[in-house]
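Undergrad: Sharing a structure here in structure tokens format.
The values are calculated or read from the model by the stated rules, or taken from the named source; none is laboratory data. Keep in mind that this is a model prediction, so the values were computed, not measured. Quick reminder, even Gly has a Cβ in these numbers, built from the backbone with ideal geometry, and neighbours come from all protein chains shown.
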Amino acid sequence: MLSQKSLRSEFALKLLPIFAALVFGVAYVVYSTIERSIYGGIERSMIGEANRIAAAENGYEYVNLDVVFSQQREEDRFLYRLVGKIGGEEIVVERDITHQAEAFHTIQNTIFVVNMVSLILIPFVAGLYSFFLAYPIRDLTEEIAQMNEKSVSPIAANLRVPMELRPLTETLNRLLARIEGHTSYQRELFVGVAHELRTPLAVIRARNDVVLLKERSIKKYQETLKDTNRTIDEMNMMTRTILEIGRAESAQFVSPEIIDLPLYINEKAKEFALLTAAANRKLEYEVEPNSLMVCVKSTLIGHILNNLFSNALKYTPEGKTITIKSVYSAPKYTIAILDEGDGIEPLFDPFAPFVGKGELKGVGLGLYIAKGAAMALAGTISLKKREDRNGTLAVFSFEPVLQNQAAQS
């Protein structure tokens with residue numbers, strides 16, 4: 001009836017012994033209750049009669065006898081016999097229980113027939129029950145099966161999903177949102193790469209075509225080659241950044257490790273201090289708490305810190321200060337990097353690939369890499385203009401898995 005590998009068959013096979021035990025248990029309780037009800041009343045009546053006989057014969061008001069009951073059949077009658085002993089003498093009491101015995105046998109046969117019918121029906125009941133148990137899972141499976149690479153829509157909120165499966169649907173929706181965001185950014189990246197590489201190639205080709213129109217002086221050829229080399233250097237910088245994106249993508253599949261996150265941030269801040277000093281800038285950092293052991297992909301944290309700091313260093317004027325702060329407020333750990341530049345412009349998406357600001361825009365992929373790493377850590381990253389002074393506030397926040405939580409899982 002059901003495939004051995006189906007979820008319904010698994011449910012049905014587990015329900016069969018449960019239903020069988022339930023049927024036989026109920027039948028046994030009913031049988032025992034009826035038996036005690038019929039024979040218990042007869043026995044109490046016969047014991048009372050035997051005690052009265054014994055008391056009358058021995059001159060006592062009441063005698064408690066040791067009695068033995070037996071049942072026998074004589075022709076068409078059922079007799080119930082009580083034998084009691086007192087002082088070496090036996091007291092015998094007989095009772096005709098033909099009607100009670102026939103009624104009890106009828107009930108016994110009825111219970112037996114009901115049990116046999118139940119044994120036949122149990123597999124069908126178990127199969128039907130397992131169908132209803134697996135129904136929500138089937139709905140969820142059909143919803144997921146409709147998804148493809150062209151449609152990654154979240155699972156409908158009105159889908160009939162039992163409480164036990166809601167964490168699964170929420171997790172799937174978060175994963176789908178992450179896939180959708182990643183796909184969107186990848187699409188923008190590919191379009192941007194094609195555009196950004198096509199432009200310098202077109203410039204090189206046009207410059208060479210102009211030079212080749214007629215003979216030029218050696219100096220003119222040298223200037224053209226130098227301009228070409230500068231364009232090639234820009235393209236090389238772009239390809240190195242694209243390779244960094246590949247490394248950041250690969251880091252998402254690296255197993256997490258146990259690290260002291262504040263210590264890791266402090267070590268990175270010391271490295272950044274050397275860069276700010278060389279660029280005639282200042283660096284201040286305040287890392288809290290002093291220690292927090294977490295299970296995390298440290299490479300992704302490194303990508304985020306490196307790119308946010310590089311962005312802050314790029315736009316901070318000489319003599320100004322870059323500040324790094326971190327704080328843990330369970331369950332979130334937040335890292336903030338503040339610069340003293342001009343601040344982010346309204347309606348400006350800094351995380352879009354190949355988008356920069358001003359003359360120092362560079363390749364425009366650093367924040368794109370940071371955004372991807374933040375998404376891989378199920379965190380959020382944002383940039384906004386500082387309210388206390390000129391500059392930009394970059395904030396990365398995520399929920400780290402603590403060491404004890406990782407050990408329990």
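Undergrad: If we scan segment 262-270, do we find a residue that is polar (S, T, N, Q) and under 37 Å from the mean Cα position of the chain (by Cα)? Before the answer, list the steps.
TA: If we filter segment 262-270 for residues that are polar (S, T, N, Q), which is where we start, we get 266.
Of the ones still in play, those that are also under 37 Å from the mean Cα position of the chain (by Cα) are 266.
Yes, that holds for at least one residue.
Undergrad: May I pose another question? Name every residue in segment 237-266 that is modelled with pLDDT of 70 or more and of a type in the set (Phe, Trp, Tyr), in order of residue number.
TA: Of everything in segment 237-266, just one residue is modelled with pLDDT of 70 or more and of a type in the set (Phe, Trp, Tyr), namely 264.
Undergrad: Among the residues of segment 263-288 satisfying the criterion of being of a type in the set (Phe, Trp, Tyr) and in a helix (DSSP H, G or I), which is farthest from residue 329 (Cα to Cα)? First the steps, then the outcome.
TA: Keep residues of segment 263-288 that are of a type in the set (Phe, Trp, Tyr), which gives 264, 272, 285.
Checking the rest, the ones that are also in a helix (DSSP H, G or I) come to 264, 272.
Details: 264: 18, 272: 25 Å.
Going through the qualifying residues, I end up with 272.
Undergrad: OK, next. What is the residue count in segment 86-107 for residues that are surrounded by fewer than 13 Cβ atoms within 10 Å (Cβ to Cβ) and part of a helix (DSSP H, G or I)?
TA: 4
Undergrad: Follow-up. What are the residues in segment 79-127 that are in contact with a helix residue (DSSP H, G or I) (Cβ under 9 Å, 6 or more places away or on another chain) and of a type in the set (Ser, Thr, Tyr), if any?
TA: Matches in segment 79-127: 80, 118.
Undergrad: Taking residue 123, is it modelled with pLDDT under 70 and either assigned to a helix (DSSP H, G or I) or not polar (S, T, N, Q) (or both)? If you could, list the steps in order and put the result at the bottom.
TA: On the way: modelled with pLDDT under 70: no; either assigned to a helix (DSSP H, G or I) or not polar (S, T, N, Q) (or both): yes.
No; evaluated as a whole, the condition is false for this residue.
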